[in-house]
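Single-structure report; data block below.
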Amino acid sequence: MRFSIISIGTELNLGLITNTNAQFIAETLTNIGLECNYIISVRDNENDIINSLKICSKFSEILVICGGLGPTDDDLTRNAVSKYLKVKLVKIDSLDKTSLKFLSHIKNDNLTEKLKRQSYIPEGSIPIIPRIGSASGFIIQSNNNLIFSIPGVPREMKDMLEGDVVPYLNNFLKEKGKSLKKQVIKKSVLMATDISESQLEFSMKSIKPLAKKLNVELGITASPGLIKIILISKASSLTECSKNLERLKKEITGMLGEYIYLDKEGLIGDSLKEAISNCNYKVTISAAESITGGLISSLITDTPGSSDYFLGSIISYSNYAKEKLLRIDKNLIIKNGTVSAVVAAQMAKNCKEIFQSDFSVSATGFAGPTVNEEGKFVGLVYACINYPNGNSEVYEKNFIGTRTDIKFRTAQFVINKLRLNILKFGVGSKQ
């Protein structure tokens, strides 16, 4: 069955806030086997809300309206739904308790009446009593549509969606199961880095016929230094969905290799932790950062439990810090430049010695907008990994984008390379 999401709020249409509610609703209902075909955001205008209901009702069996249920003048959802369905609003006296829950110690007749607006729902609706806020939701069936109206405050929305809407839908789908063609929808994600969207799409061309055969949709969402490959499987059973997803994930991972750092949605730091947990010995790491200004350390420590293996970092942003904290020879910097393979290697080597870690990483480069070393350019980055056996490897990269983009691309690249090398070294005993 298909569903539409109608998000109410002028602030959404003005671009003042991101519509995270719609994302959460779409993901939650997709996970129970429904398919979202429309997501619409509507300003706080009664006619616009009614028009959105007319549009979505033609193409979706289930409509989820989010927002516009409060007590203020611009909360117009209940009015719009009642006009759309040509029914009157009726007051449910039992809802007064929740409508007035935040007014127990204030005596104000005008405010009381205003808050009691939340006790009105379209005639024929089933009220959804709020556990967190004061705005009641409602469920109503009309012709071929099942309509849910829930609050727009994120905490209230999530509680009502998971606690009331999903259970109702599960029962509804169970009852309708005999007359519906059963279809299960399951989503999976692969995380990739250090590859462009166009490169990735070209590489995956040969996989598309198989995906079509298995009824799996492939999607790509890209941002600098981070790509999500989204796989959506549709089948008659969860087992078949899972089987088809695993087959495609294996094909994609085999083709893209080291660019894939996680076979599920997550952080680059999560993939590093996973690699370390697969080692046959305890691994410790440290970092010497220049261009990234602490971002490598931040991405590593975003993952809980990173204190077990991350010993610390030195943010040697200036030459003074490189010389005094990392003990880099001043003449080495003068001769080769701050952004050079030699300096990157020395940064990683000295950092490893200072922290006595098994692995160390370093990064130095130009994030822009200007370059202060002749013959070098914005986006030039040297990164180094120093291994447990004392050997090291330096990588030269040419990143594009804004200053922020280049820093993030660098940090993602370094952590992914560290992950891959830990996997290589970690299969044996400590050297």
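General observations
- If a spin label sat at a point 7 angstrom from the Cα of residue 132 along the line to its beta carbon, the backbone N atoms of the stretch 20-46 nearer than 14 Å would be those of 20-22, 24-25.
- Förster radius 41 Å - calculated FRET efficiency between residue 370 and residue 217 (Cβ-Cβ, nearest 0.05): 0.40
- Max mean-square fluctuation residue, GNM over the chain, Cα-Cα springs under 10 Å, options 283, 381, 87: 87
- Exposure proxy for 358, 308, 48: other Cβ atoms within 10 Å of each Cβ, ordered fewest to most, give 308, 48, 358.
- Diffusion constant of the stretch 184-262 at 10 °C, which comes from Stokes-Einstein with the Kirkwood Cα-pair radius and 1.306 mPa s, µm²/s: 126 µm²/s
- Summed residue charge, Cβ within 13 Å of residue 409's Cβ, Lys/Arg positive, Asp/Glu negative: +2
- Estimated vicinal HN-Hα couplings, Hz - the stretch 204-212 in sequence order (Karplus 6.51, -1.76, 1.60; Gly, Pro = x): 8, 4, 5, 8, 4, x, 5, 4, 5
- Comparing Cα centroids, the stretch 18-94 and the stretch 111-159 end up 10 angstrom apart.
- One way to sum up the overall shape of the stretch 2-179 is the equivalent ellipsoid from its Cα gyration tensor, whose semi-axes run 25, 18, 16 Å, largest first.
- Among 166, 216, 361, residue whose mean-square fluctuation peaks in a GNM of the chain (springs only between Cα atoms under 10 Å): 166
- The alpha-carbon of residue 91 sits under 26 angstrom from the alpha-carbons of these lysines, leaving out residues fewer than 8 places away in its chain: 54, 83, 101, 107, 114, 116, 158.
- Residue-wise HN-Hα couplings along the stretch 147-153, as the Karplus relation 6.51 cos²θ - 1.76 cosθ + 1.60 with θ = phi - 60° gives them from phi, are 10, 10, 10, 10, x, x, 5 Hz; Gly and Pro carry x.
- Per residue, the average separation of C-alpha pairs within less than 8 Å and at least 6 apart gives the chain a relative contact order of 11 percent.
- Available extension along the chain between residue 236 and residue 207 is 8.2 nm, counting 0.36 nm per residue and deducting the alpha carbon span.
- Calculated P(r) of the stretch 268-425 - Cα pairs past 26 Å, %: 19 percent
- Extended-chain gain in nm, criterion 0.36 nm per residue less alpha-carbon gap, residue 87 and residue 54: 10.3 nm
- The percentage of C-alpha pairs in the chain whose separation is greater than 30 Å is 58%.
- Here the peptides 137-145, 284-292 are ranked by packing, the mean other Cβ count within 10 Å, and the order with the highest first is 284-292, 137-145.
- Using a Gaussian network model of the chain in which every pair of alpha carbons under 10 angstrom is joined by a spring, one finds that among 399, 408, 377 the greatest mean-square fluctuation is at 377.
- For residue 35, the residues 5 or more places off, or on other chains, whose built amide H falls under 5 Å of its own are 2, 3.
Where a number appears in this text, it was derived from the coordinates with a stated rule and is not lab data. Because the structure is a prediction, the values reported are computed rather than measured. FYI the Cβ positions are ideal-geometry reconstructions off the backbone, even for glycines, and counts take in every protein chain you see.
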